[in-house]
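Take a look at the structure below.
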Amino acid sequence: MAAYPLTVGFDLDMTLIDSRPGIKAAYEVLSARTGTHVDADAAVTRLGPPLEEEIRRWFPAERVAEISAQYRALYPEYAITPTPALPGAHEAISAVQAAGGRAIVVTAKYEPNAKLHLAHLGLEPDAVIGSLWAEAKAEALRDHDATVYVGDHTGDVRGAHTATALSVAVATGPCDAAELRAAGADVLLADLTEFPAWLAGYLAEGAGGADGAEPSAAATA
């Protein structure tokens, strides 16, 4: 590995932040402005994949690019302020950096909007890479020599494995613990509050002995 002994990647939506309130608000404004019904409550249960996948549910194919651009333009005004950090988010990033490593965010979200969330919440990763989903996340993980990727979706598990990184899954998003385990997550945590202790054990065992760790009772409930 290049300059750092450890680089850990984190997903954004439903891993570091609870973006449901903000995304719901943005969809409601989009629906009002376009005159097209969008079930915002349903949409926020499917967070993870690229925006265009959700837009296709409500708009004809020929308008997907246009409406996606409109949504992204609305996003800073309506989605940033209502969105909180998830428990343990600040501590997880700090744990990596305190260990002398780099914490990066690799997300399917439009990168400028991802950076707005992080700045608003005072989350300070070492790099942010947006517009990458599932297996495509491996591109950024490899570029940054990430050996661990933390996410809440089965797509995040696939991205980690495509990059030959350890998949650490948190059961805080649309995929429950059983789905994450079935997808092949190497480590399963209830949420990011468990991450610093896991990381300490992982590093103590030579950054290779914790991948078979048993998940917490909360994660398997």
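Please specify each residue of region 115-126 satisfying the condition of being open to solvent by less than 20 Å² (accessible area, probe 1.4 Å) and either in contact with a helix residue (DSSP H, G or I) (Cβ under 7 Å, 6 or more places away or on another chain) or among the small types (G, A, S) (or both). It would help to see each step written out before you state the result.
Within region 115-126, the first condition is being open to solvent by less than 20 Å² (accessible area, probe 1.4 Å), and the residues that meet it are 117-118, 123.
The answer is L123, and nothing else.
For W133, only one of the following conditions fails: (1) open to solvent by 40 Å² or more (accessible area, probe 1.4 Å); (2) over 12 Å from the mean Cα position of the chain (by Cα). What is its number?
Result: W133 fails condition (2) only.
Out of curiosity, is A178 open to solvent by less than 10 Å² (accessible area, probe 1.4 Å) and over 11 Å from the mean Cα position of the chain (by Cα)? Even if it seems obvious, please write down each step before you answer.
Numbers: open to solvent by less than 10 Å² (accessible area, probe 1.4 Å): no; over 11 Å from the mean Cα position of the chain (by Cα): yes.
No; evaluated as a whole, the condition is false for this residue.
Scan the strands (runs of 3 or more DSSP E) fully inside region 125-215 and keep the ones with 3 or more residues being under 19 Å from I17 (Cβ atoms). So that I can check it myself, show each step before the final result.
Values: elements: 127-129, 148-151, 166-170, 187-189.
The strands (runs of 3 or more DSSP E) meeting that bar are 127-129, 148-151, 166-170.
Give the residues of region 1-44 that are in contact with a Lys or Arg (Cβ under 6 Å, 6 or more places away or on another chain) and either modelled with pLDDT under 95 or more than 16 Å from T172 (Cα to Cα) (or both), sorted by residue number.
Correct list: Y4, T7, A40.
Does region 33-44 contain at least one residue that is out of contact with any Cys (no Cβ under 9 Å at 6 or more places or on another chain) and on the phi > 0 side of the Ramachandran plot? Reasoning before the result, please.
Initial filter on region 33-44 (out of contact with any Cys (no Cβ under 9 Å at 6 or more places or on another chain)): 33-44.
Restricting the remaining residues to those that are on the phi > 0 side of the Ramachandran plot gives 35.
Scanning region 33-44 turns up at least one residue that is out of contact with any Cys (no Cβ under 9 Å at 6 or more places or on another chain) and on the phi > 0 side of the Ramachandran plot.
The values are calculated or read from the model by the stated rules, or taken from the named source; none is laboratory data. Model, not experiment: these values are computed from the prediction. Using ideal geometry, Cβ is built from the backbone for each residue, glycine included, and neighbour counts are taken over all protein chains shown. For the accessible areas, the whole protein counts, side chains as well, though only heavy atoms, and no ligand, DNA or RNA atoms are used. Shrake-Rupley method; radii C 1.70, N 1.55, O 1.52, S 1.80 Å.
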